[in-house]
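Working notes, beginning with the structure itself.
The values are calculated or read from the model by the stated rules, or taken from the named source; none is laboratory data. Remember, it's a predicted structure, so these values are computed and weren't measured experimentally. Here the Cβ positions follow ideal geometry from the backbone for every residue, glycine too, while neighbour counts run over all protein chains shown.
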C-alpha cells in the first residue's frame with residue numbers, strides 16, 4: 001500500500017513538472033514554422049511598407065520565413081478578425097494602422113466578423129508613427145492652408161480624399177470643416193495607397209493622408225503639403241507648419257502602426273517578437289528606409305502600444321459622436 005502511494009506521488013510530481021516545463025519548451029521551439037504578418041490595408045501605403053521592411057529583417061533572426069499578407073476590408077477589422085481567430089502561438093501577427101482603434105466606433109456592429117480589438121488581440125510593439133498631413137494636387141494652386149481656405153470659401157463643396165470612411169484622415173477633414181467653418185465634401189477611398197493614386201492623378205484635388213507612402217510624391221512635386229495636422233511640426237517636414245500655426249487650432253489627429261498577436265499567445269513569444277522588432281528598428285538601413293517613406297521609428301514595450309490603443313479608443317469614440325462619423 002505504501003509502495004502504491006509513493007508511486008502515485010511520483011507520478012503527480014512528474015505531471016506538475018511537465019505542466020511547468022511546457023511553456024518553456026514552447027518558448028524554446030518558437031518559431032517552428034513560417035510567420036505571417038497580416039496587413040489589413042491594401043498594398044502601397046505605410047503599413048504595408050513597414051511590414052515588408054521588418055519581415056526582411058525578422059526572417060534571418062527568427063530562422064523562419066516571414067511573409068506579408070494584405071487583407072483589407074471593414075476598416076482594418078477584417079484582417080484583425082483573421083488574426084484574432086488564428087492559433088495563438090505567435091506565428092500569425094497583425095501590423096495595422098491606428099484605424100483599428102477607431103473602426104469599432106464608426107463601423108456597424110459585427111463588422112469584420114465581430115472582432116473585439118481590445119480583448120481579442122494582444123499588443124506586441126508600436127514600430128512606427130507617421131505624420132498626418134493635408135496635401136493638394138498642384139493644380140489646386142494653393143501652397144498654404146490659408147490659401148486653400150480662401151478657395152474653399154469661394155467654392156463650397158471642394159472635395160477632399162481620405163483612406164476611407166472612419167479613417168483618421170476622414171476625422172481630420174471633418175475637424176477642419178468644423179474648426180475653419182468651411183464646406184468640404186468627403187471622398188473616401190479604400191486605403192492610403194488608392195487615395196494617393198487618386199490625388200496624384202487629379203481625381204481628387206485635396207487629400208488628408210499619413211506621410212508614410214506620400215513622401216515620393218511630395219519630393220517629385222506631384223503633391224503639395226499644406227499643413228501638418230498634428231500638435232507639432234514633423235522632423236520629416238520641418239518647413240510645413242501645423243494647422244494651428246496657420247490660424248486653425250484643434251485640427252490634430254495621429255497615426256501610429258501597431259503589431260498585435262491573438263489573445264492567448266504565450267508571453268515568451270510576445271517578448272521574443274518585441275525584442276527582435278526593437279533590434280531591427282535600431283538598424284541604420286531600417287531607419288533609412290522607414291524615414292525615406294515618411295515613417296518615424298518608435299518601438300518600446302507592449303505597454304506603449306497598449307496605451308496608444310486606450311487613448312485612441314477614448315478620443316475617437318468621443319469625436320465620432322460629436323462629428324457624427326459613420327463608416328460603410
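Here is how the numbers come out for the structure above:
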{"quantity": "Yes/no for residue 261 being in contact with a strand residue (DSSP E or B) (Cβ under 7 Å, 6 or more places away or on another chain), assigned to a strand (DSSP E or B) and outside the structural domain of residue 180 (by TED's automatic domain parsing)", "calculated": "yes"}
{"quantity": "Test result for residue 235, part of a helix (DSSP H, G or I), touching a residue at least 40 places away in the same chain (Cβ under 8 Å) and surrounded by fewer than 20 Cβ atoms within 10 Å (Cβ to Cβ)", "calculated": "no"}
{"quantity": "Test: residue in the stretch 213-222 that is under 19 Å from residue 99 (Cβ atoms), part of a loop (DSSP other than H, G, I, E, B) and at pLDDT below 95", "calculated": "yes"}
{"quantity": "Matching residues, the stretch 58-72, being closer than 30 Å to residue 110 by Cβ, crowded, with 16+ Cβ neighbours inside 10 Å and without any contact (Cβ under 8 Å) to a residue 40 or more places away in the chain", "calculated": "68, 70, 71"}
{"quantity": "Output for the stretch 37-55, where each listed residue is farther than 19 Å from residue 129 by Cβ, modelled with pLDDT of 95 or more and touching a helix residue (DSSP H, G or I) at 6+ places or on another chain (Cβ under 9 Å)", "calculated": "38"}
{"quantity": "The lone exception for residue 189 - which of (1) surrounded by fewer than 19 Cβ atoms within 10 Å (Cβ to Cβ); (2) without any contact (Cβ under 8 Å) to a residue 40 or more places away in the chain; (3) under 24 Å from residue 78 (Cβ atoms) it fails", "calculated": "(1)"}
{"quantity": "So residue 101, is it under 16 Å from residue 260 (Cβ atoms) and more than 18 Å from the chain's Cα centre (by Cα)", "calculated": "no"}
{"quantity": "Any hit, the stretch 69-76, residues being within 23 Å of residue 216 (Cβ to Cβ), outside any helix (DSSP H, G or I), modelled with pLDDT of 90 or more and in the same structural domain as residue 307 (by TED's automatic domain parsing)", "calculated": "yes"}
{"quantity": "Selected residue (criterion: modelled with the lowest pLDDT) from residues of the stretch 177-196 that are within 17 Å of residue 325 (Cβ to Cβ) and assigned to a helix (DSSP H, G or I)", "calculated": "195"}
{"quantity": "Check on residue 161, in the same structural domain as residue 146 (by TED's automatic domain parsing) and at positive phi", "calculated": "no"}
